[in-house]
Amino acid sequence: MTFRRVAFGFVALLALVPPVLAQDVDVTTQPWSDPTIETFDHNTPPGDLAAGEDADATPFASVTGAAFGGVAAGGKFTVNAVGAVTTSGHTRIRQPDNASDTLKGHEQGHDDLNKNEYDGRAAGKVKDALRGFNGQMFMGEGATEAARNADATAKAQQERDRRLARAQDAILDQMGTLGTKYDTLTAHNTSPTVDTAKGKQDALAERDRAPRAGEQGNLPDSSKPLAGINALTPVVYDLSHDRISLSGSPLLDVASDPTDTILGRGAVQVKPFVFIGPQENGTMHLSDTSLQIVDIPSGDLLMNAFVYELAYTPSSLPGFAGTIQGFLDIPPAFAGGIQNTIGSNFLDGMQALSAAGTPTNFWFFTTDALFDAQGNVIVDPDGTTAALRLGQPVPEPSSLLLLGSGLLGLAGWRRRRMSSTA
């Protein structure tokens, strides 16, 4: 299949990276431009306007530059210099010709949030995406040394372009996640209690509660509200877009309350997220995303949450090679973060934690490693499998003493599964 061809092609050209990652690139962040406003006849709205929406605000971003130099010899190309990167962006607002001031203000709120995300975080994503490119060595293919040198140089350019693309995708994805949170809080400009100003304030405040990616270092506490998926679920790494996705909508099959009504009926859906690059702290930075739990029998949306500051690290849990962890942000009850139509103790507990301002987290424990220490993708072309947890974190290493039967049972189950299939 196509994914397999792409993946093996990437393995064939995998670049060598020195043990110490190179210095950050310089990033010139151009000012976020004023929004472009397009007005349409309210009787004939654009055909691609989302159902139920009267207007929309779409961010656009550009990440360019990173001209590089290097040495091509012996069928190899080694990068030895990387130039500055320039970012720019704006929001396109589309609104009807009869738009009220309230609607116009709501769409402007999206632009304000896009600018906030861009001003504070875009440069860091670019640096993470390019970190380690300076110093990479690319192996060429061809019948002659000249042909191999040219092929190696072309591969370096492809890698540079790929890194710029994932930085741009991550910037836009995070703007989209923040905008979706804003729409959730304001009920798409229809909330009687949360207006534009409060929606922006709360969206930013809740995003900023998350510890920086890779600085969480927590494991789930099974003595608190906890649910997850023990049945190892396929996780796919799409090399063509550098996105990680959970295959399908697996059902929750484990909880701190073994009689919880959510077991066997709550399906988890995680929006694919972007691999940005290695951070200075040694973890792999991943983009924000969203998570939903849907009740399969009724189709009800049980949880509508957001995951901020995702990072990948080696796993401290026996039987698993890697951990993807992020801050799980559950909107307040009035915004529909949790709608417990099935009487789940887990959902009640998570809503109580959210209301109390207690941090909650998301974890993938991956069977195989996804990246090496330099940020090279090393996962098998067919992906890997993972167990999932949602719950309250406790810090390592003391967490290992507090996990109880829930997570330790997962590790033991994993070892038994390996033994039975060996």
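The values are calculated or read from the model by the stated rules, or taken from the named source; none is laboratory data. Keep in mind that what you see is a predicted model, and the values were worked out from it rather than measured. All Cβ positions, glycine included, derive from the backbone under ideal geometry; neighbour counts span all protein chains shown.
Just a few scattered comments:
- Which numbered condition T190 fails, given (1) among the β-branched types (V, I, T); (2) under 17 Å from F306 (Cβ atoms); (3) assigned by TED's automatic domain parsing to the domain that holds G124: (2)
- Any hit, segment 165-173, residues being touching a residue at least 24 places away in the same chain (Cβ under 8 Å), of a type in the set (S, T, N, Q) and either in the same structural domain as D348 (by TED's automatic domain parsing) or touching an Asp or Glu at 6+ places or on another chain (Cβ under 9 Å) (or both): no
- Evaluated against (1) exposed (fewer than 13 other Cβ atoms within 10 Å of the Cβ); (2) in contact with a strand residue (DSSP E or B) (Cβ under 8 Å, 6 or more places away or on another chain); (3) small (G, A, S), G89 falls short on exactly one condition, (1).
- Any hit, segment 218-233, residues being among the small types (G, A, S), within 27 Å of A61 (Cβ to Cβ) and not in a loop (DSSP other than H, G, I, E, B): no
- In segment 69-86, residue nearest to G142 (Cα to Cα) [restricted to those that are touching a residue at least 24 places away in the same chain (Cβ under 8 Å), aliphatic (A, V, I, L, M) and loosely packed, with under 15 Cβ neighbours inside 10 Å]: A73
- Cβ-Cβ under 8 Å pairs, at least 6 apart or on other chains, segment 371-386 side outside the structural domain of T313 (by TED's automatic domain parsing), far side surrounded by fewer than 17 Cβ atoms within 10 Å (Cβ to Cβ) and small (G, A, S): none
- In segment 197-208 there is no residue that is part of a loop (DSSP other than H, G, I, E, B) and either in contact with a His (Cβ under 8 Å, 6 or more places away or on another chain) or on the phi < 0 side of the Ramachandran plot (or both).
- Considering residues of segment 117-143 that are surrounded by fewer than 24 Cβ atoms within 10 Å (Cβ to Cβ) and of a type in the set (D, E) only, the residue farthest from R160 (Cα to Cα): D119
The rows are residues; the columns are (1) out of contact with any strand residue (DSSP E or B) (no Cβ under 7 Å at 6 or more places or on another chain); (2) more than 26 Å from D112 (Cβ to Cβ).
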{"residue": "I171", "(1), (2)": "no, no"}
{"residue": "L178", "(1), (2)": "yes, no"}
{"residue": "T186", "(1), (2)": "yes, no"}
{"residue": "N189", "(1), (2)": "yes, no"}
{"residue": "L219", "(1), (2)": "no, yes"}
{"residue": "S222", "(1), (2)": "yes, yes"}
{"residue": "G228", "(1), (2)": "no, yes"}
{"residue": "V235", "(1), (2)": "no, yes"}
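- Check on L353, surrounded by 19 or more Cβ atoms within 10 Å (Cβ to Cβ) and within 30 Å of K198 (Cβ to Cβ): no
Okay, residues lined up against (1) surrounded by fewer than 19 Cβ atoms within 10 Å (Cβ to Cβ); (2) not charged (D, E, K, R):
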residue: F273; (1), (2): no, yes
residue: E280; (1), (2): yes, no
residue: L301; (1), (2): yes, yes
residue: L317; (1), (2): no, yes
residue: P332; (1), (2): yes, yes
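- Residue satisfying condition, being at pLDDT 95 or above, touching a Phe, Trp or Tyr at 6+ places or on another chain (Cβ under 8 Å), assigned by TED's automatic domain parsing to the domain that holds V63 and of a type in the set (A, V, I, L, M), within set L130, L113: L113
- Neighbours by Cβ (under 7 Å, 6+ apart or cross-chain): first from segment 45-65, within 22 Å of I171 (Cβ to Cβ); second of a type in the set (K, R) and assigned to a strand (DSSP E or B): D56/R94; T58/R92; F60/R92
- Listed conditions (1) in a loop (DSSP other than H, G, I, E, B); (2) touching a residue at least 60 places away in the same chain (Cβ under 8 Å) are all met by Y237, apart from (1).
- Residue match in segment 249-265 (condition: closer than 29 Å to A129 by Cα and either assigned to a loop (DSSP other than H, G, I, E, B) or of a type in the set (V, I, T) (or both)): no
- Residues (of a type in the set (A, V, I, L, M) and part of a helix (DSSP H, G or I)) located in segment 119-150: A122, A123, V126, A129, L130, A146, A147, A150
- Residue check, T91 modelled with pLDDT of 95 or more, in contact with a Pro (Cβ under 6 Å, 6 or more places away or on another chain), assigned by TED's automatic domain parsing to the domain that holds N149 and in a strand (DSSP E or B): yes
- The one condition in (1) more than 30 Å from N134 (Cβ to Cβ); (2) of a type outside the set (G, A, S); (3) modelled with pLDDT under 95 that D380 fails to fulfil: (1)
- Residue check, T153 assigned to a helix (DSSP H, G or I), hydroxyl-bearing (S, T, Y) and farther than 29 Å from A55 by Cβ: yes
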